[in-house]
Amino acid sequence: YVVFFYFISSEERHLRANDREYNLSFMYANNAIKTSKYNVFTFLPLNLFEQFQRLANAYFVFLLILQLIPQISSLSWFTTVVPLLLVLSITLAKDLSDDIVNTRMTNMLKSEKWMNVQVGDIVKLENNEFVTADLLLLSSSEPLNLIYIETAELDGETNLKVKQALTLTGDLGNDIQKLAAFNGEVRCEPPNNRLDKFTGTLTVRGETFALDNERILLRGCTLRNTEWCFGLVVFGGPDTKLMQNSGKSIFKRTSIDHLMNFLVMFIFGFLAFLCTILSIGNGIWEYQEGNSFITFLPRADGANASLSAFLTFWSYVIILNTVVPISLYVSVEILRLGNSYFIDWDCKMYHVKSNTPAQARTTTLNEELGQIKYIFSDKTGTLTQNIMTFNRCSINGKSYGEVVDFAGQRVEVTEVKKIDFSWNSLADPKFCFHDHKLVEAVKSGSPEVRAFFRLLALCHTVMAEEKTEGELFYQAQSPDEGALVTAARNFGFVFRSRTPETISLVEMGVPTTYELLAVLDFNNVRKRMSVIVRNPEGKLTLYCKGADTIIFERLHPLSSKLMEVTTEHLNEYAGEGLRTLALAYKDLDEDKFEEWKERHHEASTSLEDREAKLDAIYEEIEKDLLLLGASAVEDKLQDGVPQTIEQLAKADIKIWVLTGDKQETAENIGYSCNMLREEMKEIFIVASNTAEEVREELKSRFLGKKSQVVEDEKVNGEYGLVINGHSLAFALQKDMQLELLRTACMCQAVICCRVTPLQKAQVVELVKKHKKAVTLAIGDGANDVSMIKTAHIGVGISGQEGMQAVLSSDFSFAQFRYLQRLLLVHGRWSYLRMCKFLRYFFYKNFTFTFVHFWYAFFCGFSAQLGLDTYYWTAVSQFFLWGSLSVYFAVTFTMYSNGMYLIFTSSFPFIGTARNSLNQPNIWLTIFLTTILCILPVVAKRFLFIQLKPTINDKARQAKAVPPPAPRKVPRRRISTRRSGYAFSHARGYGDLVTSGRFLRIPVKTRSALFPHTDTPVADSTPQTYRTIYEGAQSP
């Protein structure tokens, strides 16, 4: 019994409305979800565990343990604890903030009533509410059970989408008693991450109905323009398609991060090397000279030179700890934060028309922008505007849209008066067309021209909204479709409204209603869309539009001559960079259609291989079509694209365009934006249909070395490469991908056309894996998300295809041309700032450390501090406040109004300094940095002295005279040395080893400095300090 239910729940979901007891037996997940990384109990241990995986943090914990051992400690443990705690605390606060932000969307959906929802429950949603689970739509407040939803949070598309309930369930309305008595059973697919697909059936009173994606509301959508609706919960919580798509984000690290990790590892080794040298020196010194100091620095029992050297090693690990950069990571993050603000505030990257500023969505990748070698770009909406306009068309072998004079010469459309559509009261006033011959053909009643625009008005999925009489607004899922329907509207075939069963047009002023019998929808495999309608006279017609290669394969032989002429027109349109579609139709027989309709219903209600069965059914009826013509819409280049690509090419950055457009269109855009140039030596075209042909084409281009890492190879001249998606699928196979990469990397420009989103990511991953280069991917649509996440750096364009690309990106702006400034200005500046900072940081640390290392040779390798605290504090304070004063003075001068007026091009960031000081984050950063630098000294000076003063502290406070004759020191440690910290603050034999006279002693007399016997030092008389080097003789 248990096995049976497990089989059903894993292979097929079975649920019954309003029957919790039945549904709970399958143990489906409820609607409670958890997207946070931490909770109250796991935050501290998990975060600390992650932080201590950083080698520097783990090292300082080890250093703290050493400082707690009195035999080797030369510094108070407090000097290590305070900076370590501050670093850990700052990171804790940052991670907690990120976790809260990441779960904000979840918290908006969370409430007690939604968390307790179970599979099979019926819930009510009201206008502007989030859909809180995956629901089967039952009924709504709108006519024909329609609802409008916004999926921007789900797939980034801002256009409203329409869903419709079954007529059977729509009759339930908002009658609570009927809804509570509803007991329909749903069988559907198991939980998956396919946002565009749903397969299932609904059984009510023995009758079965097909369910598809048009009946399902997904979690994350928002209900719009609908007063209320009711839905049946199908998937809840972690089983929803939104949560099934919530994979872990890829953690991106810069080359600077990798370099810092390497440097830290090198520093550890270097520190061990220094400590080894000093410990060896201590062992030698103790063996030769140590016996002279036993009187006032007695050794513990069993102590010898070897033990002293071992302890000295760990003491110098503590003394020289400043060489290890504990504050490096925090300092780097602060610097990156400042660089991010410069990007956000750059007025030259602000798009006035859309009111969109540039945005650094991450603060960890700024300097990597200056190291980009490869750029992978989408075409539509990224290089182009993605604002489609109906530009040309070919109808029955005649091309329209190009204006010519009486001599047959082409005339610029700007010189011709545009068509006056005032005769059409429903025309769109924004639509512009200049070829008067087309409107004359429509008015004259040309059957082919009218059939052409009738097809455009019927074959689509656009929704019409008429707020006032005659004022139509179209909601289209793609700009192409909206442009075609708008063209049909202006030429007299106005799409006005639709229901699930009808489509209403106004044809040349006459209202006409068509019965909609079937919609054969578009997908990436079919690359076409068809509708079957019955006109008012009862005639059945199939209208089809799609890619020309797909449509031409399904044409009737009668259209062969027309196809040849239309192909010439399509090539001409593609050569101008236009996006083309072929249009065809077919009259249907009533009896054959009824037979086909039955098979279609069987396939649409199948739970297994529904899509494959439907495709086969569609193929049966979409054949022997009659060609009407072709349409061409224009997607213009964005401003500044050619100039931007030219400048990036001069910076030795290679640009690859990955697009789903046809080859001719992609090539023309390549020429338009200066990627492909006539002066190139050769442009390779790879368009083979088999793996072997692709292999031969790639091998015949260049002969390179066979290795797993593809190095840059120089070739004579500039080359370009164009490869289509079919050939790319073969070229991305494991045994051929290196050949593809080697050929592509020797080309200045690469264009991949007819590619899928997955292929885009695969191309980026191929370059990342085999090239020692930093990659950047830029796009504007949901189909670009995969390559944006795969590349080292992802850039999103906030354009016409929603915000999904922006939400997945590291940087975002409104126009492709801003990429030049992002890379060549901000990227370069950020990289230079980071490099200069790292050079200064390591210089500072090494300088301070080498002072102690050099001083060890003058203090008997006793692990004393070489710099007096008073001196070091004074110097630090001078440089600290002096640096701050100079910094603010220079900063306010550089970003002042005066400098901007004098040197406008050199100082564009006017007011940046003032704006930055208005940011609370800046002051918080300054405060935390100040505390991080000052607190260890302040804590030691004021707390340690007051709470637990040493004898030296008390003596200093009392202004004591130099100590009397030395007495025997208690044996408190096994080391032959006192604390180095005490020596740096008390008057003792430190005066001897730091005296100028000592430094002036010739090297050859140093061996006589401390004779083994009969020396003044052995008598323990301080008066002999001055006469040690005067009266001592060599034995």
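Is it true that some residue in the stretch 583-595 is assigned to a loop (DSSP other than H, G, I, E, B) and either more than 21 Å from Ser446 (Cβ to Cβ) or acidic (Asp, Glu) (or both)? There is at least one residue in the stretch 583-595 that is assigned to a loop (DSSP other than H, G, I, E, B) and either more than 21 Å from Ser446 (Cβ to Cβ) or acidic (Asp, Glu) (or both). Just so you know, in the stretch 95-123 the residues that are surrounded by fewer than 13 Cβ atoms within 10 Å (Cβ to Cβ) and at pLDDT 65 or above include one that is nearest to Phe235 (Cα to Cα), and it is Asn116. Cβ-Cβ contacts under 8 Å between residues 6 or more apart (or on different chains), taken from a first residue in the stretch 429-456 that is within 21 Å of Tyr474 (Cα to Cα) to a second residue that is part of a loop (DSSP other than H, G, I, E, B) and of a type in the set (Lys, Arg), are listed as Cys432/Lys418; Phe433/Lys418. Among the residues of the stretch 457-501, the one identified as free of Cβ contacts under 8 Å to residues at least 12 places away in the same chain and closer than 20 Å to Ala582 by Cβ is Ser478.
Quick check, is Ile343 touching a Ser or Thr at 6+ places or on another chain (Cβ under 9 Å), crowded, with 20+ Cβ neighbours inside 10 Å, of a type in the set (A, V, I, L, M) and at pLDDT 85 or above? Against the criterion (touching a Ser or Thr at 6+ places or on another chain (Cβ under 9 Å), crowded, with 20+ Cβ neighbours inside 10 Å, of a type in the set (A, V, I, L, M) and at pLDDT 85 or above), Ile343 qualifies. Glu598: under 30 Å from Val186 (Cα atoms) and open to solvent by 30 Å² or more (accessible area, probe 1.4 Å), yes or no? Criteria met by Glu598. Each residue in the stretch 391-402 was checked for being open to solvent by 10 Å² or more (accessible area, probe 1.4 Å), assigned to a strand (DSSP E or B) and of a type outside the set (D, E, K, R), and 3 pass.
For the stretch 446-473, name all the residues that are at pLDDT below 90, out of contact with any strand residue (DSSP E or B) (no Cβ under 6 Å at 6 or more places or on another chain) and either open to solvent by 30 Å² or more (accessible area, probe 1.4 Å) or β-branched (Val, Ile, Thr) (or both). If the condition is that a residue be at pLDDT below 90, out of contact with any strand residue (DSSP E or B) (no Cβ under 6 Å at 6 or more places or on another chain) and either open to solvent by 30 Å² or more (accessible area, probe 1.4 Å) or β-branched (Val, Ile, Thr) (or both), then Thr461, Lys467, Thr468, Glu469, Glu471 are the ones that fit. Note on the stretch 197-244: residues that are part of a loop (DSSP other than H, G, I, E, B) and either among the charged types (D, E, K, R) or open to solvent by less than 20 Å² (accessible area, probe 1.4 Å) (or both) total 13. Once the stretch 507-526 is narrowed to residues that are under 27 Å from Thr167 (Cβ atoms) and part of a loop (DSSP other than H, G, I, E, B), the residue that is most open to solvent (accessible area, probe 1.4 Å) is Phe522. When residues in the stretch 124-140 are screened for being open to solvent by 30 Å² or more (accessible area, probe 1.4 Å) and either at pLDDT 90 or above or more than 29 Å from Thr201 (Cβ to Cβ) (or both), 4 of them pass. A single member of Ser786, Ser808, Ser830 is among the hydroxyl-bearing types (Ser, Thr, Tyr) and open to solvent by less than 10 Å² (accessible area, probe 1.4 Å), and it is Ser830.
In this structure, is Ser377 crowded, with 23+ Cβ neighbours inside 10 Å, modelled with pLDDT of 90 or more and of a type in the set (S, T, N, Q)? Walk me through it before giving the result.
Values: crowded, with 23+ Cβ neighbours inside 10 Å: yes; modelled with pLDDT of 90 or more: yes; of a type in the set (S, T, N, Q): yes.
Here the answer is yes, as Ser377 does meet what is asked.
Selection over the stretch 566-581 of residues that are in a helix (DSSP H, G or I) and either in contact with a helix residue (DSSP H, G or I) (Cβ under 8 Å, 6 or more places away or on another chain) or buried (at least 16 other Cβ atoms within 10 Å of the Cβ) (or both) gives a count of 9. Close Cβ contacts (under 6 Å, 6 or more residues apart or on different chains) running from residues in the stretch 271-288 that are closer than 13 Å to Ala856 by Cα to residues that are among the β-branched types (Val, Ile, Thr) comprise Cys275/Val317; Ser279/Thr312; Asn282/Thr312.
Scanning the stretch 662-687 for residues that are in contact with a Ser or Thr (Cβ under 7 Å, 6 or more places away or on another chain) and of a type in the set (D, E, K, R) gives no hits. I'd like to know if the stretch 487-495 contains one or more residues that are at negative phi, surrounded by fewer than 23 Cβ atoms within 10 Å (Cβ to Cβ) and touching a strand residue (DSSP E or B) at 6+ places or on another chain (Cβ under 6 Å). The answer is no, given that none of the residues of the stretch 487-495 is at negative phi, surrounded by fewer than 23 Cβ atoms within 10 Å (Cβ to Cβ) and touching a strand residue (DSSP E or B) at 6+ places or on another chain (Cβ under 6 Å). Number of residues in the stretch 166-196 that are touching a Leu at 6+ places or on another chain (Cβ under 7 Å), in a loop (DSSP other than H, G, I, E, B) and in contact (Cβ under 8 Å) with a residue 60 or more places away in the chain equals 2. Checking each residue in the stretch 321-333 for being in a helix (DSSP H, G or I), open to solvent by less than 30 Å² (accessible area, probe 1.4 Å) and within 15 Å of Val61 (Cα to Cα) picks out only Asn321.
Just one residue in the set Ser306, Ser340 is assigned to a helix (DSSP H, G or I) and touching a helix residue (DSSP H, G or I) at 6+ places or on another chain (Cβ under 8 Å); that residue is Ser306.
Identification of helices (runs of 4 or more DSSP H) wholly contained in the stretch 666-775 with 2 or more residues that are open to solvent by 40 Å² or more (accessible area, probe 1.4 Å) and modelled with pLDDT under 85 yields 691-699, 757-770.
In the set Ile778, Ile793, which member is over 13 Å from Arg361 (Cβ atoms), surrounded by 21 or more Cβ atoms within 10 Å (Cβ to Cβ) and either touching a residue at least 24 places away in the same chain (Cβ under 8 Å) or out of contact with any strand residue (DSSP E or B) (no Cβ under 6 Å at 6 or more places or on another chain) (or both)? It would help to see each step written out before you state the result.
On the way: Ile793 fails: over 13 Å from Arg361 (Cβ atoms).
After applying the criteria, what remains is Ile778.
The residue list Asp624, Asp589 contains one member that is of a type in the set (D, E, K, R), open to solvent by 50 Å² or more (accessible area, probe 1.4 Å) and either on the phi > 0 side of the Ramachandran plot or within 30 Å of the chain's Cα centre (by Cα) (or both), which is Asp624.
The values are calculated or read from the model by the stated rules, or taken from the named source; none is laboratory data. Please read these numbers as outputs of a predicted model, since none were measured by experiment. Note that we place each Cβ from the backbone using ideal geometry, even for glycine, and neighbour counts take in every protein chain shown. We work out accessible area using only protein heavy atoms, side chains counted, and drop any ligands, DNA or RNA first. Shrake-Rupley method; radii C 1.70, N 1.55, O 1.52, S 1.80 Å.
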